[in-house]
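The values are calculated or read from the model by the stated rules, or taken from the named source; none is laboratory data. Everything numeric in this text was worked out from a predicted model, so none of it was measured. Glycine gets a Cβ as well: all are built from the backbone with ideal geometry, and neighbour counts include every protein chain shown. Ligands, DNA and RNA are excluded from the accessible area calculation, which covers all protein heavy atoms including side chains. Shrake-Rupley method; radii C 1.70, N 1.55, O 1.52, S 1.80 Å.
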Amino acid sequence: MKPTLMVRNASVFKGCLNAGQQSDLVSELREIARIAPPFSPQTPYGKPMSVKLTSAGDFGWLSDAHGYRYSETHPNGARWPEIPQSLLSLWFLLTGVSRAPNSCLINFYGEGAKMGMHQDRDEKCFDWPVLSISLGDEALFRIGGATRSGSTESLWLSSGDVVVLGDEARLAYHGIDRIRFGSSGLLPKGGRVNVTLRVVD
Ligand code: SIN
Ligand code: MN
């Protein structure tokens, strides 16, 4: 599948998931959240993150006083649930790479939640892309280059949009400046869910 547009070398697939696919995915994510309850991690600097998160797959992403890292277990000690088949299919369809993702991070943005500019660099190898799905409320996504100081571009991501950060964009700085709380009816209580797929090891 071809991206709708490229923004700073990131491939953006607008409206990639239709309404039925979005609500099916929300049901699958609810099941993951039931098994692996979402939590608000502390940054290594001692500040709580404004998003809540949980994971599926062999590795989940955590942040605590020891730093940012991948872990084979939830903070409660249990292994993470499996990555849904629908997400694996979407990964192969959009990325065209040969290897399956082994980590699926699920971020929940409530009213006022945001994510500061950062690179995704806790993975062992940067040859594999990062695939990111937006569900629920619209979010202002900002992306720059591989250095923190460079110029950036912003775009609104809507429910069903998918962004792939690969090749030159793999180590691009990116973040979420704000969400338009209540702009989507997908989640009954409002808010946004972001799902990212990665090859971690
Ligand atoms: C992330 O960078 O981990 C999340 C990006 C997003 O929420 O769209
Ligand atoms: Mn990221």
Taking segment 111-127 and keeping residues over 15 Å from the mean Cα position of the chain (by Cα) and either within 11 Å of ligand 1 (Cβ to nearest atom) or open to solvent by 50 Å² or more (accessible area, probe 1.4 Å) (or both) leaves 111, 112, 124, 126, 127
By my count, strands (runs of 3 or more DSSP E) wholly in segment 90-201 with at least 2 residues that are not β-branched (Val, Ile, Thr) are 103-109, 115-118, 130-136, 139-143, 153-157, 174-179, 192-198
For residue 154, state whether it is within 13 Å of ligand 1 (Cβ to nearest atom), open to solvent by less than 10 Å² (accessible area, probe 1.4 Å) and of a type in the set (Gly, Ala, Ser).
-> no
Residue 138 passes all but one of the listed conditions (1) touching a Gly at 6+ places or on another chain (Cβ under 9 Å); (2) among the acidic types (Asp, Glu); (3) within 14 Å of ligand 1 (Cβ to nearest atom); the exception is number (1)
Among strands (runs of 3 or more DSSP E) entirely within segment 4-86, at least 2 residues that are in contact with a Leu (Cβ under 7 Å, 6 or more places away or on another chain), surrounded by 19 or more Cβ atoms within 10 Å (Cβ to Cβ) and basic (Lys, Arg) occur in none
Condition set touching a residue at least 60 places away in the same chain (Cβ under 8 Å) and away from ligand 1 (no atom under 11 Å from the Cβ), scope segment 157-176, selection surrounded by the most Cβ atoms within 10 Å (Cβ to Cβ): answer is 159
Note on residue 65: of the conditions (1) within 13 Å of ligand 1 (Cβ to nearest atom); (2) aliphatic (A, V, I, L, M); (3) at pLDDT below 95, unmet is (1)
The one condition residue 47 fails out of (1) within 30 Å of residue 151 (Cβ to Cβ); (2) modelled with pLDDT of 95 or more; (3) of a type in the set (D, E, K, R) is (2)
